1. In this structure, is L334 closer than 14 Å to L359 by Cα and either modelled with pLDDT under 95 or in contact with a Phe, Trp or Tyr (Cβ under 6 Å, 6 or more places away or on another chain) (or both)?
2. Please verify whether E319 is in the same structural domain as D257 (by TED's automatic domain parsing), surrounded by 16 or more Cβ atoms within 10 Å (Cβ to Cβ) and in contact with a Gly (Cβ under 6 Å, 6 or more places away or on another chain), treating the condition exactly as stated.
3. Just checking, does segment 260-281 include any residue being within 26 Å of L324 (Cβ to Cβ), among the basic types (K, R) and in the same structural domain as C193 (by TED's automatic domain parsing)?
4. If F223 meets every condition in (1) within 30 Å of E10 (Cα to Cα); (2) in contact (Cβ under 8 Å) with a residue 60 or more places away in the chain apart from one, which number is that one?
5. Report yes if R153 is under 20 Å from the mean Cα position of the chain (by Cα), closer than 20 Å to F211 by Cβ, surrounded by 18 or more Cβ atoms within 10 Å (Cβ to Cβ) and among the basic types (K, R), otherwise no.
6. Among the residues of segment 88-123, how many are in contact with a helix residue (DSSP H, G or I) (Cβ under 6 Å, 6 or more places away or on another chain) and surrounded by 14 or more Cβ atoms within 10 Å (Cβ to Cβ)?
7. Looking at (1) more than 30 Å from G281 (Cα to Cα); (2) out of contact with any Pro (no Cβ under 8 Å at 6 or more places or on another chain), can you tell me which one A182 breaks?
8. Output the residues belonging to segment 227-281 that are in contact with a helix residue (DSSP H, G or I) (Cβ under 8 Å, 6 or more places away or on another chain), of a type in the set (D, E, K, R) and closer than 26 Å to P207 by Cα.
Amino acid sequence: MGSSMKSYRELWRDIMFYRGHDRMPVVHWRGWPETRERWLKEGLPPDVEEMEYFRAVPTGHSVSVELGLRPGFTEETIEETAEYRVFRDASGVVQKAWKHQSNIPHYTDFTFKTARDWPEYKKRLQPGPERIPADLDEKLRAAEVRDCPIIIRICSLMGWVRNWMGVENFAYLMYDDPDVYADVVNTLADLSCWGIDQVVPRLKVKPDLAFGWEDISGKSGPFVSPSVFKRCVAPGYRKIRDKLESHGIHLMAVDSDGDGRALIGPWLEAGVNIQFPVEIGTWQTDPMELRRRYGRELRIIGGYNKLALEKGRAAIDAELERRLPLMKEGGFLLAPDHLITPGVPLADYLYYLDRVRQLRF
């Protein structure tokens, strides 16, 4: 069957398992709120879904039980002005959020500061029937009939802990109390495995992949070292991998921004075989070099430098040309490497989508 006759889900699986394909799906992630504001001024219809307007597809359709802290902590407002709000959120973190601009939350205090605070969190991360949404079966039926990859969500083994503790507290925990951190990871892995067991048997079709979130890297690399990863984190990912394999699911993805190259090898050894979104950044990650280094076992979703979209159509075409060898080979699904920035004109984003739509291999 030619790729033009295949469903998006079939095309996605053919790409990820190197079965042969002649095109890329046209994937639209989304832009920043300021990007949408610009696009509305430039002609984006306000009453039409972006996916429909762009004639694009999402990265996938996610299903899961409730995997976070349960019960969450009591939310409370500590200070509020016309410009910002300071509040304690459901994860026990005090943060300052600005009201009129997109921003990364500014964390000011934490409930989980040291190893002594872990039991209060551990008891909120246990499996139980209250985690199964009342409408889970309805959501699963919707996933089964939607033409896109079915994603089963798993817990974050590093990023959530960073959010709960802050970078400094988390760094001390990893190095002063690695056994406690290993227990944190094991608890989250057990909850993930339990969630997989609740969801997969209820589905009439097998999920295509598991997906977790781990924003733990900046421009200088990850703040979890390879040695700590191998000691504390890898066992949790291996446990999740084994659970997935028992259900016949062979792909596990992680969403990690920044320069995470130092952990790609350890992740791969632990069973994470899809990296997303593979940010190019000022550190100049090269997806082709990753393929040469790790081989076909490493798949990539993303890998298109979003900043090229700001630089005009020649730059858009040049970035596409750089990614052509990977697109042709397989195991690589092209998408921008993060949210579309406000510097991208609507006309040039439409041009990019059309160029992807026209590609043939």
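The values are calculated or read from the model by the stated rules, or taken from the named source; none is laboratory data. Bear in mind that the values here come from a model prediction, so they are computed numbers and not experimental data. Virtual Cβ from ideal backbone geometry, glycine too; neighbours counted across all protein chains shown.
1. yes
2. Criteria not met by E319.
3. yes
4. The number of the failed condition is (1).
5. Working: under 20 Å from the mean Cα position of the chain (by Cα): yes; closer than 20 Å to F211 by Cβ: yes; surrounded by 18 or more Cβ atoms within 10 Å (Cβ to Cβ): yes; among the basic types (K, R): yes.
For R153, the condition - under 20 Å from the mean Cα position of the chain (by Cα), closer than 20 Å to F211 by Cβ, surrounded by 18 or more Cβ atoms within 10 Å (Cβ to Cβ) and among the basic types (K, R) - is met.
6. The initial filter retains those residues of segment 88-123 that are in contact with a helix residue (DSSP H, G or I) (Cβ under 6 Å, 6 or more places away or on another chain), namely 91, 102, 110, 112-113, 115, 118, 122.
Adding the requirement that they be surrounded by 14 or more Cβ atoms within 10 Å (Cβ to Cβ) leaves 91, 110, 112-113, 115, 118, 122.
Qualifying residue count for the region: 7.
7. Condition not satisfied by A182: (2).
8. K239, K243, E269
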